[in-house]
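Q: After the structure tokens below, expect a handful of questions from me.
The values are calculated or read from the model by the stated rules, or taken from the named source; none is laboratory data. What you see is a predicted model, and the numbers here were worked out from it, not measured in a lab. All Cβ positions, glycine included, derive from the backbone under ideal geometry; neighbour counts span all protein chains shown. Surface areas here come from the heavy atoms of the whole protein model, side chains and all, with no ligands, DNA or RNA. Shrake-Rupley method; radii C 1.70, N 1.55, O 1.52, S 1.80 Å.
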Amino acid sequence: MSRGRGAVDPKRVSSELFSLTYGCMVAQLLKDFENPEEVNKQLETMGYNIGVRLIDDFLAHTPSVTRCTTLEEVADILCKQGFKMFLGIVPEIKNWTAAKDEFSLVITENPLAEYVELPPNCQDTLWYSNIICGVIRGALEMVQMDVKCSFVGDTLRGNDSTEIRIKFVKILEDSLPAGED
Amino acid sequence: MAVCIAVLTKDNSPLYIASDPAEDGLKMHFLVHTSIDVIEEKLNSATAANDPRDLYLGQLYPNEDYRIYGYVTNTKIKIVVIESITNPLKDGDARQVFSKVHSGYISLVCNPFYSPGDTITSQPFLNTVTSLMRGKAIA
């Protein structure tokens, strides 16, 4: 797909277009399902499907990334390289549990949620950026890590910060990718 | 001091009208309504002398108590600002007010949950407009 203007890299789109597209998708999902909880699940599933494909792209473009031995390394690479590469942001890693198996990602500026205001009927139930949770879960599953990923706060909902909680469950051994069962 | 700011759609239905509580709300509504005619007239005749992009229409018509300014966007969204003659806005200031309202409107429209044509209930937009109206009182 070529574009007339030489200055624009044809593989990149403007972030506004991306935010608007994602916003329309969430609005359409809400209209179709009418239940914010259901929409959350759908966004997570969509994110999962994106994640299982995205991980290969990520690893291909970052040859410097080696096998991680601890969850801390995973968190570090996830934030400093993964998020940076695809969303252009670097979330903060916080709130490690004592057993180092759970941590929080705090996003200061969420490019997906630019200009968004949640309608009152889903103010308390919809996690607007839930697709991100799915992406993380899908991507880590393809590198044999089973994690639980969920939102605990969102500035769109009036919380202080947009925070995702990631909990390590187990290492997956010789299992088929989930979609091929 | 701006006593009223109104936003109208291309078929002239009101999206948002806010007036200073000290003023008679109904009278403001009426003034906005009458100014629609003047805007339409200017739009139909202005096509020949095409004003730069966002048609800032300037002062619409004289009135003994108020000055009424109009602004129309490329998508035919009309913004009307009414202010009392006791503290008239300079041309540059009026343009600023309009461009702030316009940016507020753009942010509103980018919200995927807002359909163009709905009345405006979004808090950030309301805050922008109230601060503009109050800001005039301080300036």
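Q: Could you tell me which of the pairs A:LYS84/A:LYS167; B:LYS27/B:LYS100; A:LYS31/A:LYS94 are separated by over 32 angstrom between their Cα atoms in the structure shown?
A: Details: A:LYS84/A:LYS167 21 Å; B:LYS27/B:LYS100 25 Å; A:LYS31/A:LYS94 35 Å.
Table pairs above 32 Å Cα-Cα are A:LYS31/A:LYS94.
Q: Under 5 Å between amide hydrogens, which residues at least 5 positions from B:LEU55 or on another chain qualify, with H placed 1.01 Å from N in the peptide plane?
A: For B:LEU55, the qualifying residues are B:VAL72.
Q: Between the range A:126-157 and the range A:42-95, what's the alpha-carbon centroid distance in Å?
A: 11
Q: Classify chain B: rounded, prolate or oblate, from the alpha-carbon gyration tensor (a ≥ b ≥ c, eigenvalue square roots; a/c under 1.5 rounded; otherwise prolate if a/b is larger than b/c)?
A: rounded
Q: How big is the dipole moment of the range B:78-124 about its Cα centre under a simple scheme where the beta carbon of each Lys and Arg is +1, that of each Asp and Glu is -1, and everything else is neutral? Debye, nearest 20, please. Show your work: numbers first, answer last.
A: Numbers: 4 positive and 4 negative charges, 16 e Å.
I would put it at about 80 debye.
Q: For every helix of n ≥ 4 consecutive DSSP H residues, a contribution of -39,500 (n - 2.57) applies; sum these over chain B, divide by its total residues, and give [θ] at 222 nm rounded to the nearest 500 deg cm²/dmol. Intermediate values should be presented prior to the final figure.
A: Working: 3 runs with 58 residues, N = 139.
It comes out at -14500 deg cm²/dmol, rounded to the nearest 500.
Q: Separate question: Quick one, could you list the DSSP H helices from chain B stretching 27 Å or more along their long axis (Cα atoms) with average Kyte-Doolittle hydropathy of 0.0 or above?
A: Details: long enough: B:25-46 (31 Å, 0.20); B:91-110 (29 Å, 0.07).
The answer, listed by residue number, is B:25-46, B:91-110.
Q: Also: Compare each residue of the range B:89-130 in its chain alone against the assembly with all protein chains, and report those whose accessible area goes down by 10 Å² or more; 1.4 Å probe, heavy atoms.
A: The answer is B:SER107, B:CYS110, B:ASN111, B:PRO112, B:PHE113, B:SER122, B:PRO124.
Q: Could you pull out every Cys in the protein assembly as shown that lacks a partner Cys with its beta carbon under 4.7 Å away?
A: A:CYS24, A:CYS68, A:CYS79, A:CYS122, B:CYS4, B:CYS110
Q: Which value, in debye to the nearest 20, describes the size of the charge dipole of chain A about its Cα centre when Lys and Arg Cβ atoms bear +1, Asp and Glu Cβ atoms bear -1, and nothing else is charged? Write out the running numbers ahead of the final one.
A: Details: 18 positive and 28 negative charges, 115 e Å.
Taking the Cα centre of chain A as origin, the dipole is about 560 debye.
Q: Note down the magnitude of the dipole of the protein assembly as shown about its Cα centre, charges +1 on Lys and Arg C-beta and -1 on Asp and Glu C-beta and zero elsewhere, to the nearest 20 debye. Kindly include the intermediate steps, with their values, before the conclusion.
A: Values: 30 positive and 43 negative charges, 171 e Å.
Here the size comes out at about 820 debye.
Q: Under 5 Å between amide hydrogens, which residues at least 5 positions from A:GLY153 or on another chain qualify, with H placed 1.01 Å from N in the peptide plane?
A: Counting only residues 5 or more places away or on other chains, the set is A:GLU163.
Q: Given the C-alpha atoms of chain A, compute the convex hull and give its volume per residue in Å³. Could you put the intermediate results ahead of the total?
A: Working: hull volume 27.2 nm³, N = 181.
Each residue corresponds to 150 Å³ of Cα convex hull volume.
Q: If you don't mind, another one. In deg cm²/dmol and to the nearest 500, what is the mean residue ellipticity at 222 nm of chain A if only DSSP H runs of at least 4 residues count, each as -39500 (n - 2.57), divided by the residue total? Don't skip to the end; give the middle numbers.
A: Details: 5 runs with 68 residues, N = 181.
The helix-only estimate for chain A comes to -12000 deg cm²/dmol at 222 nm.
Q: Go through B:VAL97, B:GLY58, B:SER13 and say which Cα lies farthest out towards the positive end of the charge dipole of the protein assembly as shown; charges sit on Cβ, +1 for Lys and Arg, -1 for Asp and Glu.
A: Result: B:GLY58, furthest along the dipole toward the positive end.
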